[in-house]
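Structure first, commentary second.
Any read-out appearing in this document is the output of simple, stated calculations on the displayed coordinates, not a laboratory observation. As the structure is a computational prediction, the values presented were derived from the model and not from experiment. Glycine gets a Cβ as well: all are built from the backbone with ideal geometry, and neighbour counts include every protein chain shown.
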Ligand code: NDP
Ligand code: MG
């Protein structure tokens, strides 16, 4: 049966790679919805090729351009942030790939779960902000959340077929990013261009900066906690600069399973979209003779404070992960706009955590409010 896919954020790094996967397996998938924030040109080009039922261009100033191009093709065009959530109600969608960046994914993902769609989750920030809310709702609605993040896909691939065997420990691998091994002094003056130059992965700007600061791994720890129902002391982060082992699971008999492969996001994307089948590909294969050694080291949490901060907020729970996420989004933007230095990203987050009030058992409105308040505080700090 053909699976009908909605891609939230089709013009981004994950979105475009997902379309490549879908294109190669057009007998298995059909595109139902595509969305973009600003990139009207690419959204139009993708829509002409993949003929979705409808598209959303979030920026209302771009609506006319998209409408004029796609209305003659009988493709419905919507605009505005709210439309992202409302199109998720369409009965004709089977799987929603959440490839938006940051907090913007929260409300559309909630709507997709509410209306029973399978989620292929790339947008990790959604689980960081409101992991408990999301996973509870998914359970209530009987909705599967299939990970797209490469580490979480690796863990998922390790536990497929092990459902009755509890996880003892998750070993989350990290590349260490472009600044692995540097001291604080050496990080004082690093530039935006250096931070954007990731050694192993070509990704969107926000996650690339998160990788350089190790916040990405911090967000992934929280993501793993919710996806796999483990406690924080069952998650270990290990730096593995070659990015070949994408993560590991240790079971109660002490056995460790790992998933390996070349760093290529098309693989985890297609594992989620095609689950439980493995779809045939002609992508380059890993060759042991190209890698004389695979190495491992402990993360430097003194220098890369964000990883420690993420463990802290995950321990405190409540709205703290939401505060951390919002502060990080604003701080990363500030760094990309060259308003603050690399090390100041953690300062902004720490200050926001002190200044925005703690809510122990937040409901959705509290997350919306905490996100808004934190952004205002962070902007003031920058
Ligand atoms: P990109 O920045 O490349 O793409 C983001 C997409 O979301 C674009 O389509 C963009 O539209 C749209 N978008 C951005 N901001 C908003 C907003 N406020 N409202 C609505 N739409 C918006 O990001 P990535 O593809 O790199 O990352 C997407 C998600 O996947 C992130 O959560 C990231 O952490 C996660 N992820 C990414 C990986 C990767 O390899 N890239 C790996 C693992 C996880 P437009 O193009 O018009 O701006
Ligand atoms: Mg990852």
Fill in the blank from the handout: The number of residues in the stretch 24-49 that are in contact (Cβ under 8 Å) with a residue 12 or more places away in the chain and within 21 Å of residue 280 (Cβ to Cβ) is 7
Practice task
Go through (1) within 14 Å of ligand 1 (Cβ to nearest atom); (2) closer than 18 Å to residue 125 by Cβ and name the single condition residue 226 misses.
Solution key: (1)
Practice task
Determine if the stretch 281-301 includes at least one residue that is farther than 28 Å from residue 189 by Cβ, touching a helix residue (DSSP H, G or I) at 6+ places or on another chain (Cβ under 8 Å) and surrounded by fewer than 16 Cβ atoms within 10 Å (Cβ to Cβ).
Solution key: yes
Problem - Where residue 256 falls short, out of the listed (1) within 14 Å of ligand 2 (Cβ to nearest atom); (2) surrounded by fewer than 16 Cβ atoms within 10 Å (Cβ to Cβ) - result: (1)
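Identify the residue in the stretch 165-181 that is out of contact with any strand residue (DSSP E or B) (no Cβ under 7 Å at 6 or more places or on another chain) and surrounded by fewer than 17 Cβ atoms within 10 Å (Cβ to Cβ) and, among all such residues, is nearest to residue 332 (Cα to Cα).
181
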Fill in the blank from the handout: Selection from the stretch 165-215 of residues farther than 30 Å from residue 255 by Cα, without any contact (Cβ under 8 Å) to a residue 60 or more places away in the chain and in a helix (DSSP H, G or I) yields 185, 186, 193, 194, 208
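Determine if the stretch 123-130 includes at least one residue that is within 16 Å of ligand 2 (Cβ to nearest atom) and more than 19 Å from the chain's Cα centre (by Cα).
Here is the first cut: in the stretch 123-130, the residues within 16 Å of ligand 2 (Cβ to nearest atom) are 123-128.
Now narrow it down to the ones that are more than 19 Å from the chain's Cα centre (by Cα): none.
No - not one qualifying residue is present in the stretch 123-130.
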Handout entry: Candidate set from the stretch 196-219 (those that are over 13 Å from residue 13 (Cβ atoms) and surrounded by fewer than 24 Cβ atoms within 10 Å (Cβ to Cβ)); member that is nearest to ligand 1 (Cβ to nearest atom)
Key = 200
Exercise for the section: Residue by residue through the stretch 109-122, note down the ones that are more than 22 Å from residue 322 (Cβ to Cβ) and in a strand (DSSP E or B). Expected result: 118, 120
Problem - Test: residue in the stretch 231-248 that is under 19 Å from the mean Cα position of the chain (by Cα), farther than 14 Å from residue 151 by Cβ, surrounded by 15 or more Cβ atoms within 10 Å (Cβ to Cβ) and within 16 Å of ligand 1 (Cβ to nearest atom) - result: no
Problem - residue 353 buried (at least 16 other Cβ atoms within 10 Å of the Cβ) and not in a loop (DSSP other than H, G, I, E, B) - result: yes
Problem - Leading residue by the ranking (farthest from the chain's Cα centre (by Cα)) among those in the stretch 82-108 that are within 16 Å of ligand 2 (Cβ to nearest atom) and in a helix (DSSP H, G or I) - result: 105
Problem - Evaluation of residue 56 against (1) surrounded by fewer than 20 Cβ atoms within 10 Å (Cβ to Cβ); (2) free of Cβ contacts under 8 Å to residues at least 40 places away in the same chain; (3) touching a strand residue (DSSP E or B) at 6+ places or on another chain (Cβ under 8 Å) (one fails), failing number - result: (1)
Problem - Residue selected from the stretch 123-164 under the condition within 14 Å of ligand 1 (Cβ to nearest atom) and in a loop (DSSP other than H, G, I, E, B), by the criterion surrounded by the most Cβ atoms within 10 Å (Cβ to Cβ) - result: 124
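Condition test on residue 126, is it without any contact (Cβ under 8 Å) to a residue 40 or more places away in the chain and closer than 16 Å to residue 222 by Cα? Let's see the steps before the verdict.
Numbers: without any contact (Cβ under 8 Å) to a residue 40 or more places away in the chain: yes; closer than 16 Å to residue 222 by Cα: yes.
Yes: the conditions hold for residue 126.
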